[in-house]
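My questions all concern the structure below.
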Amino acid sequence: MRNDEYSRMFAVEDTFWWYVALRRFLVRETHKRLGTFGNDRNTQREEPWILDAGCGTGANLNALSCFGRCIGVDISPTALNLARRRGLSNLARGSVLQLPVRPESVDVLLSIDVLYHVWVKDDLAALMEYHRALRPGGWLIVHVAAHEWLRGSHDEVVMTRHRYTLKELVERVESAGFRVHRQTYRNTFVLPLMLIARVLGRGKSKSESDLRPLPRWLNTLLLVVMKVEEFVLSFTNLPIGSSAYVVAQKPLT
């Protein structure tokens, strides 16, 4: 991702509908996976270790800090400096292809909008590195951009290598040795608006970002729409959307 985009993200991440809705979803999903942590015989720790691999400017780490010890890794010094401005300290510079953590030391690993990046030249190698870092029984949470036909100018700004189908993502995760427990698309209810924006944006510069402050009423409306989607996702999966999401577990043996 370009350095100026990290600065843009940091400026709007606390209020922009996309990030707020994603954090709400991740908090709920992480809570589900950690619900029985205290009864887990495969760990001696009193609190879970949560690794955000590709933590960016740290907003997700802040949201997940209530669950245990959170550690953030990112390859970008700019992103890590911005994360430190949030008061975060458990941060390290590193690549998702070579995480600076011991084998089998992490209880939950999040990879949020990372695998599709041009810097991740081998997504399977990254997933195998996630497998190395997670303890047996540990959880992997992956979120990526979906569908090449949704590619737009913003993908150039954030340096998107590939937009996945859910089937592709599941196949990659399983190939790395994980067992998939959940697979769904997200950002389904706002997909028509995204399609319109993509069509209207075809004449825009390839270097133009989608991240800009919205009118308060529009941002609030989109948050309400995503709240409805979150309710639907609480009891079912969705067949299409602009993001693909997978939860998988490292087998005990």
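Taken together, the values in this text are just the output of simple stated rules run on the coordinates, not laboratory data. What you see is a predicted model; the values in this text were computed from it and never measured. Using ideal geometry, Cβ is built from the backbone for each residue, glycine included, and neighbour counts are taken over all protein chains shown.
Simple spin-label model, 7 Å along Cα-to-Cβ: MET194 to GLU148 in nm?
It works out to 1.7 nm between the two label points.
Starting from the Cα-Cα distance between HIS181 and SER89, subtract it from 0.36 nm times their residue separation and give me the gain in nm to one decimal.
29.9 nm
Evaluate the relative contact order of region 3-249 (contact order divided by residue number), counting alpha-carbon pairs under 8 angstrom at least 6 apart; express in whole percent.
21
Can you run phi through the Karplus equation (6.51, -1.76, 1.60; θ = phi - 60°) for region 82-88 and list ³J(HN,Hα) in whole Hz, with x for Gly and Pro?
Listing the rounded values in order: 5, 4, 5, 5, 7, x, 7 Hz.
Taking the chain as the reference, fit the longest principal axis to its C-alpha atoms, fit the long axis of helix 17-33 to the helix C-alpha atoms, and give the angle between the two in degrees, 0 to 90, nearest 10.
Orientation of helix 17-33: about 20 degrees from the principal axis.
Have a look at the DSSP beta bridges in the chain and tell me what percent are antiparallel, nearest 5.
Given both bridge residues lie in the chain, the antiparallel proportion sits at roughly 45 percent.
With +1 on each Lys and Arg Cβ and -1 on each Asp and Glu Cβ, and nothing else charged, work out how big the dipole of the chain is about its Cα centre, in Debye to the nearest 20.
So the dipole magnitude of the chain works out to roughly 200 debye.
Can you tell me how much longer the chain between LYS32 and VAL225 gets when fully stretched, taken as 0.36 nm per residue apart minus their C-alpha distance, in nm with one decimal?
Here the answer is 67.2 nm.
Measuring from label point to label point, each 7 Å out along Cα→Cβ, what is the ASN237 to ARG216 span in nm?
Calculated label separation equals 4.0 nm.
State, to one decimal in nm², a quarter of the convex hull surface area for the C-alpha atoms of the chain, i.e. the direction-averaged projected area.
12.8
Moving to a separate point now. Which of these, ARG161, ARG33, ARG85, has the largest mean-square fluctuation under a Gaussian network model of the chain (Cα springs below 10 Å)?
Between ARG161, ARG33, ARG85, it is ARG85 that shows the largest mean-square fluctuation.
Helix 166-175: angle to the longest alpha-carbon principal axis of the chain, degrees 0 to 90, nearest 10?
Computed tilt is about 20 degrees.
Against the 2.2 N^0.38 Å scaling, with N counting residues, where does region 83-145 land? I'd like the Cα-based Rg ratio to two decimal places.
Rg over 2.2 N^0.38 Å, computed on Cα atoms: 1.14.
Let me ask you something else. Between GLU168 and ASN81, what length in nm is gained on full extension when 0.36 nm per residue of separation is reduced by their alpha carbon distance?
My answer for the length gained is 28.0 nm.
Rounded to the nearest 10 degrees, what's the angle between the helix 3-12 long axis and the longest principal axis of the chain, both from Cα atoms, 0 to 90?
90
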